[in-house]
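Here's the structure, in structure tokens; my notes come after.
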Amino acid sequence: MGTQRILSGMRPTGKLHLGHYTGALENWIEQQNLTAQDGTRVYETCFLIADYHNLTTSLETGDIYQHTIDMLTDWLAAGVDPEKSPVFRQSQVKEHTELFLIFAMLITSARLERNPTLKEQVRDLNMESLTYGHLGYPVLQAADILLYKGSVVPVGEDQIPHVEITREIARKFNNHYPHPTKGEVFVEPEPKITKFSRLVGLDGKAKMSKSLGNTILLSDGPDEVQKKMRQAVTDTQKMRKNDPGRPEVCAVFSYHQRFSSPAQLSTIEADCRSGALGCVDCKRMCSEAISRELAPLLERRKPYEENPALVRSILLEGEEKARVIARETMQEVRSAMQLGEL
Ligand code: TRP
């Protein structure tokens, strides 16, 4: 067996925030750059822009091009290396829709109705009814993953149910349609989540999210980070500077847990509890820790930000590479199914 492949993706919702970074992007880059002792890469990595998936929750497509470029600029700034990892749009590799159609026959609608991520989305967006396409969200995602035979899927925890459905579809296909020479066409992928898979919002809500307007962007400079941090919700019982605080209920402390060093963290925790540390100073330290981590991203994004045509050409090249893999898999699928063998 050759190198294992990793496939992951995001919907093009525009500029990315810290939650995207800690939840997935950082993990992608770690896997992309992982090497074995002999210097060869452990995984081949492919990263997908799920533009069709956007249609499941919004029919508006007017901003999609800009959102795609903005998101890809953030990927590149964070360290996605297009030489190592092809990046591509789902809508530009037609095999995604072909495999989606076949997979749609391998799963029941009752199973899809039980998807907890879907239920959460319907609740959060106050949706009154569900389209057929939205119900099929994980089926399209299964096609994304299996088209590239991704065996590992680095994602945030909300995506685990989708990877589970992908495994069920792969199993069903393999049982039903063994390949005449290769045996099983698909591998059952494993999800891989990070410790900080869900970052709370600046408002203390469970999740940092664009629609809730409680984010710090990866493209925010130090001043912007400071400014946003000033509005962050802390322990509401800590009214005055020297009141003792409860780090466990504080959004700012949860960021320190990710962005400050272990030594700093224990001082901050002790000084917050004793009342020695006020929220203003604590927030300033937190902003600095975040900006320290974002500094290399700000530097790396410059050439791309100045030249969107470069970002576009990276995308077009990635799509060429993706098509080659996708075509091969679809040939295997068709021969296993005896479709078009006449
Ligand atoms: N559903 C994923 C999200 O919202 C995006 C996505 C689409 C994806 N296709 C994928 C993630 C394939 C991993 C693999 O984050």
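Worth a mention:
- For M337, the conditions (1) of a type in the set (A, V, I, L, M); (2) loosely packed, with under 13 Cβ neighbours inside 10 Å; (3) over 31 Å from the mean Cα position of the chain (by Cα); (4) under 30 Å from F186 (Cα atoms) are fulfilled apart from (2).
- Enumeration of residues in region 228-245 that are assigned to a loop (DSSP other than H, G, I, E, B) and open to solvent by 40 Å² or more (accessible area, probe 1.4 Å): Q231, V233, T236, Q237, M239, R240, K241, N242, P244
- Residues satisfying the stated conditions in region 39-50, i.e. crowded, with 19+ Cβ neighbours inside 10 Å and not small (G, A, S): Y43, E44, T45, C46, F47, L48, I49
- When residues of region 158-203 are limited to those that are over 30 Å from V249 (Cα atoms) and among the aromatic types (F, W, Y), the one most open to solvent (accessible area, probe 1.4 Å): Y177
- If you go through region 124-139 and keep only what is within 16 Å of the ligand (Cβ to nearest atom), assigned to a helix (DSSP H, G or I) and either open to solvent by 30 Å² or more (accessible area, probe 1.4 Å) or not assigned by TED's automatic domain parsing to the domain that holds P189 (or both), you end up with D124, G133.
- At least 2 residues being on the phi > 0 side of the Ramachandran plot is the threshold, and among the helices (runs of 4 or more DSSP H) wholly inside region 3-81 not one reaches it.
- All conditions but one from (1) assigned to a helix (DSSP H, G or I); (2) open to solvent by 10 Å² or more (accessible area, probe 1.4 Å); (3) closer than 26 Å to E269 by Cα; (4) touching an Asp or Glu at 6+ places or on another chain (Cβ under 9 Å) apply to V225; the one that does not is (2).
- Some residue of region 37-47 being without any contact (Cβ under 8 Å) to a residue 60 or more places away in the chain, within 16 Å of the ligand (Cβ to nearest atom) and among the charged types (D, E, K, R): yes
- Among the candidates H53, H67, residue that is modelled with pLDDT of 95 or more, more than 30 Å from H176 (Cα to Cα) and within 15 Å of the ligand (Cβ to nearest atom): H67
- Odd one out for S219 among (1) open to solvent by less than 10 Å² (accessible area, probe 1.4 Å); (2) more than 16 Å from the ligand (Cβ to nearest atom): (1)
- Residues of region 146-193 that are in contact with a His (Cβ under 9 Å, 6 or more places away or on another chain), within 18 Å of M330 (Cα to Cα) and within 11 Å of the ligand (Cβ to nearest atom): L147 alone.
The values are calculated or read from the model by the stated rules, or taken from the named source; none is laboratory data. Keep in mind that this is a model prediction, so the values were computed, not measured. With ideal geometry, Cβ positions are generated from the backbone for all residues, glycine too; neighbour counts draw on all protein chains shown. In case anyone asks, the SASA skips ligands and DNA or RNA and just uses the protein heavy atoms, side chains included. Shrake-Rupley method; radii C 1.70, N 1.55, O 1.52, S 1.80 Å.
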